[in-house]
1. Which net charge results when you count Lys and Arg as +1 and Asp and Glu as -1 among the other residues whose beta-carbon is under 9 Å from that of Ala208?
2. Quick one: check the C-alpha center-to-center distance for the range 50-124 versus the range 410-446, whole angstrom.
3. Arrange the peptides 416-429, 149-162 so that the one whose residues have, on average, the most other Cβ atoms within 10 Å appears first.
4. Using a/c under 1.5 as the rounded threshold, could you call the range 279-366 rounded, prolate or oblate? The axes a ≥ b ≥ c are square roots of the C-alpha gyration tensor eigenvalues, and prolate needs a/b larger than b/c, oblate otherwise.
5. What full-extension length gain, to one decimal in nm, is calculated for Asp69 and Asp290 as 0.36 nm per residue of separation minus the Cα-Cα distance?
6. Would you please give the FRET efficiency between Ser174 and Ala209, computed as 1/(1 + (r/R0)^6) with r the Cβ-Cβ distance and R0 = 22 Å, to the nearest 0.05?
7. Report ³J(HN,Hα) in whole Hz for each residue of the range 428-436, in order, from the Karplus equation J = 6.51 cos²θ - 1.76 cosθ + 1.60 where θ = phi - 60°; Gly and Pro get x.
8. Give, in nm to one decimal, the length gained when the segment between Ala34 and Asp46 is fully stretched (0.36 nm per residue of separation minus the Cα-Cα distance).
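What follows is calculated from the coordinates using simple rules that are stated; it is not laboratory data. Every value quoted in this text rests on a predicted model; they were computed, and no experiment measured them. Cβ coordinates were reconstructed from backbone atoms using ideal geometry, including for glycine residues, and neighbour counts include every protein chain displayed.
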Amino acid sequence: MRLRCFALFVVFLSACAGQKVREPAPTVQTRDPAVSAAMELQVKCDARELDACDALAMRYLDGKGAPIDPAEAARRFDLNCEDGHVDSCYRLGLLAASGIGVPMNRERAQRAYRKACDGGRSQACNDLAVLLSKEGGNEEEALALYRTSCDDGSGIACFNLAFRYERGEGSKASAAEYYTKSCDLEYAAACNSLGLMVRYGDGVPKDAARAVALYVRACEGGFGASCNNLGTMYLNGADVAADAASAAIYYQKACNLGFGRGCTNMGHVLEHSGADASTTAADMYLRGCDRGDAKGCSNLGVLYLRGAHGVQKLPDKAVELFSLACTRGFGAGCSNVGLMFEEGTGVSQNYDKARELYQQACEMNEVQGCHNLGLMTEAGKGVEANAGQAADQFMAACEKGNSYSCAYLGAKWARTADKKSFGKELLDRACAEGNEFGCAESKKLR
């Protein structure tokens, strides 16, 4: 034991003998690397290294080595912005515009964005232009800011400028020019928008092949709506050869990218394919609904109403889903839940509520809602029967594209002396639109 202590003592003396040993520079020691990194940033920030101050402020947003504290992040960005750090000004603008860490204040956001824009942060120029547009500010300044940001290589700024031109603040040709520039900067939404213009010849030469190529580019760039567009084209054989397998691939990709309608459309494919798949139509409709697609909610409601495709028959669940679809602005959902109230299925019968929902559906251009409202008025459900008002409601459905409503009203009028010719016109119209009832009724009049 004595020998061991002596040896250690000798080693210690030998280390201290001779020239003075240079002590290592002080470092922050911690077991957590993230905390250590944050403390190192603090040391540098105290020495007014502005990039370190900006990086440290970010840690109060993402919680890496520092507590999540948006107010503290905003305070640090503000101080750093005052010292001229462009990125901190931009981040302060983002927080002030969204009300994170500081009260929402558009004027403060504009000041921060402007300082960052003047300092060369092109994205700040775009975001400042967006704020100016929302606040009814100087439109010419907003367009100039979009151009500045676009010229600096911001794809979203080029897209925003093109969108404004397409909506009437410039020519369609200018819109196509800037959509092209944005698409070339890999902003996928612009490829999709340009594809729409090219496909339908909206201010530019119509070119179906180019449209498909643009949709593919946008889809591969992660824009789900373009994948969905391609799926629908392949399903219907529109501008491409019909290919159900390709349609399913693109719908699935759209769904995987978070585009709810892609999930819903994939559900439709599964529902009508008759194939035994591990993923069911109900699964896909639920995904569509969960991703915000109201049609997915409504379609899933239909399955619960019928008890189809492996789904238990639960009318009250159908009411819930139809109501959700209606709330989200899907007219068929309003019409469907209106029918539930009219018939008292899954809910207490309520004619007034049914009429209200049918009217709401009709105003959303859901033709079945207009027609169902006409049937209730004709039968005197919830109101006194009124054939004239019912006819107006059937005609509204007819004019909105419901060929059966045209045929239904036409058949009634064809049996009267004063409106027989009008009835015949409606029946012929319905027949021309492919309505078999209209064709049958028209044939009786020959």
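1. On the way: positive: Arg199, Lys206, Arg210; negative: Asp207, Asp239.
Computed value for this residue: +1.
2. The range 50-124 and the range 410-446 have Cα centres spaced 68 Å from each other.
3. Working: 416-429: 15.9, 149-162: 22.9.
Sorting 416-429, 149-162 by mean packing, highest first, produces 149-162, 416-429.
4. oblate
5. On the way: separation 221, 0.36 × 221 = 79.56 nm, distance 3.04 nm.
Net length gain for the segment: 76.5 nm.
6. With R0 = 22 Å, the Cβ-Cβ based efficiency is 0.40.
7. Values, residue by residue: 5, 5, 4, 5, 4, 8, x, 7, 5 Hz.
8. On the way: separation 12, 0.36 × 12 = 4.32 nm, distance 1.84 nm.
My answer for the length gained is 2.5 nm.
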